[in-house]
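Everything below concerns the one structure shown next.
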Amino acid sequence: MEAFGLQDRIQILQTDATKFEPKQQFDLLISETMHSGLTAEPMVQIFSNLKKYVKEGGATLPTEVRLKTALVPLNEWTNPQGFVRIYGNLHHVVRPAWREVVRYNPGDQLENIAFDVPIENVPNGSYFVLVTSEVDIGSQRINSYQSLITMPQFLRDLKSDPEIFDVKDGGRKMISVKYKPGQMLDGVGKFE
């Protein structure tokens, strides 16, 4: 702040942003407290609390988050179409038919994230359910595989291992997913 001569205009507070009640309104509210699928970090709770303090005509960043899901065959995951390196780590790249399931605008009330993954016409086999995000920051979009906040992740069982859903003829019609924003994806999917 000092290097840019902004110390008289910027104040730094260390506090719980999900409960903070500022004394004045903001021109700009930025929160990078997000993980793919709106999991693991409290961005939704922060915006639920602080969005009302953004001045009329002010801005929030990100401006929108879209959650997408896909059913991915186990063999497609184990034989990916490639890899992407983010912060030195390699991640599998698959290109399934993503389906948008939730659209979140900062400040929207979002108590739960819930969606169904249809499996009625899916061939028999073993599958993962992947969740990803696309994030708009002003006029720019961060797509899947471009950042850790958009890196697809799969549902996990209660031991945090990837959850494998075995689809068989004449069985269930869907996989139902429900979790709270900020929660990990452990044990949140079930057959119906």
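Things to note:
- Once each of the trypsin sites (Lys or Arg not before Pro) sitting in a DSSP loop with at most 13 other beta-carbon atoms within 10 Å is removed, the chain keeps 24-158 as its longest stretch.
- The residues of segment 1-107 expose on average 64 square angstrom of accessible surface per residue, using a 1.4 Å probe on protein heavy atoms.
- Relative contact order of the chain: 24 percent, from C-alpha pairs under 8 Å at least 6 residues apart in sequence.
- The three principal axes of the Cα atoms in segment 45-192 give end-to-end lengths of 55, 35, 28 Å, sorted in falling order.
- Dimensions of segment 114-192 from C-alpha coordinates, computed as largest minus smallest value along each principal axis and given longest first, are 46, 28, 19 Å.
- Set LYS68/LYS180; LYS68/LYS159; LYS159/LYS180; LYS52/LYS190; LYS159/LYS190 screened for pairs whose C-alpha atoms are more than 27 Å apart: LYS52/LYS190
- Point-charge dipole on Cβ atoms (K/R +1, D/E -1) for the chain, about Cα centre, debye to 20: 140 debye
- Segment 1-51 and segment 118-192 have their alpha-carbon centroids 29 Å apart.
- Summarised in one figure, the compactness ratio Rg/Rh of segment 1-104, Cα atoms and Kirkwood Rh, is 1.11.
- Positive-end residue, segment 93-175 charge dipole about Cα centroid, Cβ charges, pick of VAL129, PRO96, MET174: PRO96
- About its Cα centre, the dipole of segment 1-43 is roughly 100 debye, where the only charges are +1 on Lys and Arg Cβ and -1 on Asp and Glu Cβ.
- Summed side-chain charge close to MET151 - residues other than MET151 whose Cβ falls under 13 Å, Lys, Arg +1, Asp, Glu -1: +1
- Share of pairwise Cα separations in segment 3-57, more than 12 Å, in percent: 71 percent
- Cut-off of 10 Å, at most 11 other beta carbons, DSSP loop: longest stretch of the chain lacking such chymotrypsin sites (Phe, Trp or Tyr not before Pro): 88-192
- Among PRO42, VAL54, VAL65 - extreme Cα towards positive end, dipole of the chain, charges at beta-carbon: VAL65
- Loop-located GluC sites (Glu not before Pro) in segment 66-142 whose Cβ has at most 15 other Cβ within 10 Å (DSSP): GLU111, GLU120
The values are calculated or read from the model by the stated rules, or taken from the named source; none is laboratory data. Computed from a prediction, not measured in an experiment: that's the story for all the values here. All Cβ positions, glycine included, derive from the backbone under ideal geometry; neighbour counts span all protein chains shown. With ligands, DNA and RNA removed, areas are computed over all heavy atoms of the protein, side chains included. Shrake-Rupley method; radii C 1.70, N 1.55, O 1.52, S 1.80 Å.
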